[in-house]
Structure formats: structure tokens, C-alpha cells
1. What is the gain in length, in nm to one decimal, between K129 and K8 on full extension, counting 0.36 nm per residue of separation less the C-alpha to C-alpha distance?
2. D111 to Q19: extension gain in nm, 0.36 nm per residue of separation minus the Cα-Cα distance?
3. Label the chain by shape, choosing from rounded, prolate and oblate, from the square roots a ≥ b ≥ c of the eigenvalues of the Cα gyration tensor; if a/c is under 1.5 it is rounded, and otherwise prolate applies when a/b is larger than b/c, oblate when it is not.
4. With +1 on each Lys and Arg Cβ and -1 on each Asp and Glu Cβ, and nothing else charged, work out how big the dipole of the range 17-127 is about its Cα centre, in Debye to the nearest 20.
5. Counting other C-beta atoms within 10 Å, and keeping those with at most 14, which DSSP coil trypsin sites (Lys or Arg not before Pro) do you find in the range 1-89?
Amino acid sequence: MPRIIIKKPFLKNYSSLPQVLTDKPLAALGDAYVNFVYSLALSRRTGKPCGKKVKGAPLAEAVRKAGLRKFLPSRIDKHVLSDAAEALLVYAWLNDFITLEESVEALEKTDDLEKGLARLLLTAKDKIKI
């Protein structure tokens, strides 16, 4: 199947991982991406379409489990941690470091959302070349 090319004039040139993790507009787009991926994973697991949102707490904990906390400022709350996860995942997808299928499979294969998200965040971090 041919790859769909997405024009990305909105995507900045990042020089470090912390720049990606702290980009609020990117996190807003990542919120939609993460919810879509999670909804697809649940739909495939249950065999029926569903639309679900991922709450901030599992995302924040996944950032900690993936060892990404050290790339963020010292005094931040759960919301900033969850934004970091969303920003990283959509950045990785937009730049072809991870695929939609890879993202869905990571969440589909486990009943532990935090574990699946942490695994996906690690995969994204390891593939990103900044």
C-alpha cells in the first residue's frame, strides 16, 4: 500500500528531545493522535468500533516508566508529563519513526495501558534522531 504523504509546514526543526517534549501545540495534535491510536487498539481488541480518550495519569506514568522524566524541567505536574508523551508520539509518527500500525499494536497487545504507552514511548525515543 502506498504511503500517504502529509505536508507538515507546521512542524518545527527541533534540535533536542526536550524541545519536542515541551512543545504545547505539538502536544495538542498528539492528544488527538494518542486517542485515535487507543480507540483503534480497543476496537481491534473488542471487535467493535469505539472511541475512547486516554486520561493524563496513564500518560504521565508512562513517561516516568519510559525514563523520559529526566528530559523535562524539574517542577512540572501530571498535565505537562502527559503533554510530553503526546508530543513525542505524534512527532515520531509525523516523521516516520513509528507507524500508526506499530502504535496500535503496542496498545492492543496489553491490558496495561501504562505499560503499552511506556513501551511505545521508548520505541519512539530510541528511533528519533535529534
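1. Taking K129 through K8 to full extension adds about 41.8 nm, to one decimal.
2. Working: separation 92, 0.36 × 92 = 33.12 nm, distance 3.11 nm.
Net length gain for the segment: 30.0 nm.
3. oblate
4. Details: 18 positive and 15 negative charges, 68 e Å.
With Lys and Arg at +1 and Asp and Glu at -1, about 320 debye.
5. Answer in residue order: R3, K7, K12, K52, K53, K55, R75.
Only the coordinates and a few stated rules stand behind these numbers; no lab work does. Computed from a predicted structure; not experimentally measured. No Cβ is skipped: glycine too gets one built from the backbone with ideal geometry, and neighbour counts run over all protein chains shown.
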